[in-house]
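Asker: Before anything else, here's the structure in question.
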Amino acid sequence: AVLAPVAEEVLFRGILLRAAVRHAGLLGGCVLTSLLFAAIHLHIPSLAPIFILSFTLSLAYLATGSLLAPITLHILFNVQSLVMMLLLRGSSS
């Protein structure tokens, strides 16, 4: 819930987004980075939500100029997802 978001944000926002924005502009860079981010998660039902998450994380990075914002949001998203999964699993027992 913590290590993967740090690594993913360094790669996707810190490296890929910056390069994509230079080549495709702000909107194009956010879209390209978000498509790739969603695709690497290899879960078809989650493609749209993960794309939206990634786009939001990209905007947070661009707005603040800091990886701390998308890392924090990404960690909160993962923790919330984990809690929901555990709660749903517990209620089906």
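Just so it is clear, none of the values below were taken in a lab; they were calculated from the coordinates. Being a predicted model, the structure only gives us computed values, none of them experimental. Because the Cβ atoms are built from the backbone with ideal geometry, glycine has one as well, and the counts that use them run over all protein chains shown.
Asker: Just from its helices, what would the mean residue ellipticity at 222 nm be for the chain, if runs of 4 or more DSSP H residues each count -39500 (n - 2.57) and the sum is divided by every residue, rounded to the nearest 500 deg cm²/dmol?
Answerer: Working: 4 runs with 72 residues, N = 93.
So the calculated ellipticity at 222 nm is -26000 deg cm²/dmol.
Asker: Given an 8 Å cut-off on Cα distances and at least 6 residues of separation, report the relative contact order of the chain as a percent. All intermediate terms of the calculation are to be shown ahead of the outcome.
Answerer: On the way: 74 pairs, mean separation 27.2, N = 93.
Value for the chain: 29 percent.
Asker: Have a look at ILE52, ILE15, ILE40 and tell me which one the Gaussian network model of the chain (Cα, springs below 10 Å) gives the largest fluctuation.
Answerer: ILE40
Asker: How big, on average over all directions, is the shadow cast by the Cα convex hull of the chain, in nm²? Don't skip to the end; give the middle numbers.
Answerer: Numbers: hull surface 24.1 nm².
Averaging across all directions leaves 6.0 nm² for the Cα convex hull.
Asker: Summing +1 for each Lys or Arg and -1 for each Asp or Glu, what net charge is found among the other residues whose Cβ lies under 13 Å from the Cβ of PHE37? It would help to have the intermediate numbers written out before the result.
Answerer: Details: positive: ARG13; negative: GLU8, GLU9.
Net local charge, PHE37 excluded: -1.
Asker: Nearest 10 degrees is fine. How inclined is helix 68-91 to the longest principal axis of the chain, computing both from alpha carbons?
Answerer: That works out to roughly 20 degrees.
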